[in-house]
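The values are calculated or read from the model by the stated rules, or taken from the named source; none is laboratory data. Treat the numbers as computed from the prediction; the structure is a model and nothing was measured. All Cβ positions, glycine included, derive from the backbone under ideal geometry; neighbour counts span all protein chains shown. Note: accessible area is taken over every heavy atom of the protein model, side chains too, but ligands, DNA and RNA are not part of it. Shrake-Rupley method; radii C 1.70, N 1.55, O 1.52, S 1.80 Å.
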Amino acid sequence: MTSLSFFVGVIGNIISVLLFLSPANTFRRIVKNRSTEEFESLPYICTLLNSALWTYYGVTKPGSYLVATVNGFGVVVEMIYVTLFLIFAPPRIKAKTWILFGLLDVGFVAAAVLVTRLVLHGDLRIDVIGFLCAGLNIIMYGSPLAALKTVATTKSVEYMPFLLSFFVFLNGAIWTFYAVLVEDYFLGVPNGIGFLLGTAQLLLYGIYSRKHKSSKTSSNDHVDNEYQIREGLISSSGNIINEKNQTFASETISIEKEKPTAYDLLKGFNFPVGLLPKGVVDYDLDSSSGKFSAFLNGSCSFSLEGSYQLKYKDTIKGYISKGKIASLEGVSVKLFFMWVNIVEISRRGDDLEFSVGIAGADFPIDNFEECPQCGCGLDCSDQQVGKIRKNPYVSSY
């Protein structure tokens with residue numbers, strides 16, 4: 001029985017390592033796009049907390065070195081994930097992550113170690129640590145469900161990583177088996193619940209994955225139908241022109257489909273056209289990643305009724321998605337006596353949030369219905385344009 005439990009424990013260690021490494025692709029995407037997008041930090045905060053306490057449990061309880069070693073590895077990996085999240089998260093999410101990290105991963109762990117070392121002794125200390133670990137293990141297993149709201153809203157599983165849910169399922173199953181063999185109920189109860197929660201997450205993934213594929217297909221059909229209608233209109237227009245210009249029958253009439261403008265592109269991603277000044281001559285867009293480049297006919301600067309001075313380079317780059325522009329380059333604002341780069345723009349209801357990294361400000365979206373003009377902004381040709389309406393706060397992080 002001892003050899004079997006050791007063998008199962010080794011398999012459990014391997015699966016746990018894979019569980020810890022399963023978000024690697026997610027963070028590769030975060031680093032590449034320089035944005036956490038809609039990913040949640042809670043799973044990694046909870047897993048770090050859980051790993052730290054299980055390492056303490058494994059060190060405290062005799063013969064539990066398999067538990068201690070794998071969770072020690074988990075502490076290192078989760079610290080890397082949380083650090084990357086803090087680097088690339090937008091200001092509000094970054095502040096939230098710092099608070100959770102300080103309260104849970106630093107404060108709670110320190111308090112648990114101090115209390116159990118100074119107040120409790122012997123088996124009582126092991127039991128209390130075991131109860132803490134069991135409760136937190138349940139939270140860790142359920143933490144990927146924090147993305148459920150995003151999944152249900154977007155009808156997409158893009159922000160609910162499959163590998164994480166899959167290895168939660170496997171990890172719960174193997175450690176439940178190990179706990180039965182060694183008769184460790186502190187391991188068995190939470191991992192049994194984790195097995196059930198992992199199963200539920202895989203079911204959700206299957207449901208919304210099918211819906212996402214279905215909606216994508218219907219969307220493509222809609223585009224095809226729209227294209228056919230447009231071609232029909234072009235064909236009809238061509239016939240009318242030919243009828244009215246029979247004397248020029250030898251001439252070839254070609255009607256080219258025009259590329260949508262950069263301003264049309266903004267509207268397609270739920271942004272107002274006024275985010276770009278007049279004078280954008282072309283753009284590039286990678287539809288798979290959202291990476292874009294917009295090209296102006298020269299560098300551009302203007303003042304919005306004295307409230308803010310803005311400067312646009314001749315090339316603007318970033319990553320655009322529905323309601324969000326991340327890793328923005330080429331746009332800066334003058335704050336006091338210095339120019340700082342605007343790195344992110346997010347739409348939140350009827351407001352736009354502009355972030356310069358450590359601070360941000362919200363503006364009503366109505367302020368950006370018109371495109372400003374280089375040199376004079378919105379106050380060109382002696383037009384009286386009301387001052388830009390700003391929300392009565394500037395939030396800093």
In debye to the nearest 20, the charge dipole size for region 1-79, taken about the Cα centre with +1 at each Lys and Arg Cβ and -1 at each Asp and Glu Cβ, equals 180 debye
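Net charge near Val31: determine it from the other residues with C-beta under 15 Å of the C-beta of Val31, scoring Lys and Arg +1 and Asp and Glu -1. Don't skip to the answer; put the middle values down first.
Details: positive: Arg28, Arg29, Lys32, Arg34, Lys291; negative: Glu37.
Computed value for this residue: +4.
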When every protein chain stays in place and a 1.4 Å probe is rolled, Trp98, Trp339 sorted by accessible area with the largest first are Trp98, Trp339
Rounded to the nearest 10 Å², the accessible area of Thr83 using a 1.4 Å probe with every protein chain kept is 60 Å²
